[in-house]
Amino acid sequence: MGLTKINDVAGSFGISSRTLRYYEEMGILWSSRLDNKALRYYDADALERLKQIIVLRKLQIPVKDIAAIFKSESTAALIQAFVDKLESLDTEISALSELRRLVDDFLHKMLISGIKKISAITLLYEETEKRLVSADKNEPVTYDKLSEISREALGLHDVRIIRLPAMRMLTSRFKTGQAENLDADKMQNLFAGYGFLPNPGLRNCFYRKEPGDEWVMLIKIPWDYENATVYADEILAGGLYAVASSYVEYMDDIFILLRDWINGSGEYKLDADAEGKLNRDEMIEEILPWDIAVKQDRYQQDIFIPIRITNEKEKVQNG
């Protein structure tokens, strides 16, 4: 029976290893370890299950509902999940339709009043009209199109620009170079034995996304701390980051949406070299208190992507 490594699965399906671990924690996916090693492997049945999960998530079926679907021996749970989603979409569509009507009325009132500087509102009107027309087209839906629609429906809200100071961090990478396995039951108390506990939302603990989709935990320590632990420490350079919040089940899409926002902002750009390699790593920070996250089975993060300010010359070159 063939087995596929977690990093290969993450790359093939376009999701992060952290998301895969979350699905396992929620009981809707499984993996195995060879010779008690930390690296996870997935068999053919698990990969088939993952395909089902991904399609349901692209349809924005909540993970809790997906768990109920897989526990049910009939299609009743699946049908109910679709019915609930349709009702939610109907409510959202009604609200958006009413909003469109209000914007339309506002636009016409401004036109009648003879106000000339309304280019932004006109663009909004044309964009809304275009979206409604395209929504009426009976176009075939591919997986890529489904992913695009899902991300567009999800949207990106409340992007913040944050400057982190330089910090000395204890990492979840051993001094030997190997990284600690970051299962959910370890994350909260990994460094507790050394007197360091993460405080969600207080910018003292991050998870860094490294090449190969490996995640390393970083926790702030005093500059003069004598590191007698088994873990390596390092300096987090800090700097500017674009930040957006996301629940873990939406994390992969929010990363894509936030990168797109940066690239289209005009004011900021990715902090990357000429080949597009980031000079600093993308990170996440848990922001929902642990007891609430465990109780709700929902983990909320701030996503950090390193940026720098676009200079005037670059603005001119980019139009």
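The values are calculated or read from the model by the stated rules, or taken from the named source; none is laboratory data. For clarity, every value in this text was computed on a predicted model and none was experimentally measured. Cβ: placed from backbone, ideal geometry, glycine included. Neighbour counts: every protein chain shown.
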Say whether the condition of being polar (S, T, N, Q) and either surrounded by fewer than 16 Cβ atoms within 10 Å (Cβ to Cβ) or out of contact with any helix residue (DSSP H, G or I) (no Cβ under 9 Å at 6 or more places or on another chain) (or both) is met by at least one residue in region 15-23. no
Looking at LEU164, LEU146, LEU190, LEU197, which one is closer than 23 Å to ASN279 by Cβ and surrounded by 12 or more Cβ atoms within 10 Å (Cβ to Cβ)? LEU164
Among the residues listed as THR229, THR310, the single one being under 25 Å from TYR194 (Cβ atoms) and either modelled with pLDDT under 95 or not hydrophobic (A, V, I, L, M, F, W, C) (or both): THR229
Output for region 206-236, where each listed residue is farther than 27 Å from VAL9 by Cα, in contact (Cβ under 8 Å) with a residue 60 or more places away in the chain and within 22 Å of the chain's Cα centre (by Cα): LEU236
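Yes or no, residue by residue, for (1) farther than 23 Å from THR142 by Cβ; (2) crowded, with 19+ Cβ neighbours inside 10 Å; (3) within 23 Å of the chain's Cα centre (by Cα):
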site	(1), (2), (3)
PHE13	no, no, yes
ARG33	yes, no, no
ALA46	yes, yes, yes
ARG57	no, yes, yes
PRO62	yes, no, yes
ILE66	no, yes, yes
LYS71	yes, no, no
Strands (runs of 3 or more DSSP E) contained in region 232-319 and holding at least 3 residues touching a Leu at 6+ places or on another chain (Cβ under 9 Å): 239-247, 300-309
Matching residues, region 35-44, being within 27 Å of SER150 (Cα to Cα) and surrounded by 12 or more Cβ atoms within 10 Å (Cβ to Cβ): TYR42
Could you run through region 281-307 and say how many residues are modelled with pLDDT of 95 or more and more than 19 Å from THR19 (Cα to Cα)? 2
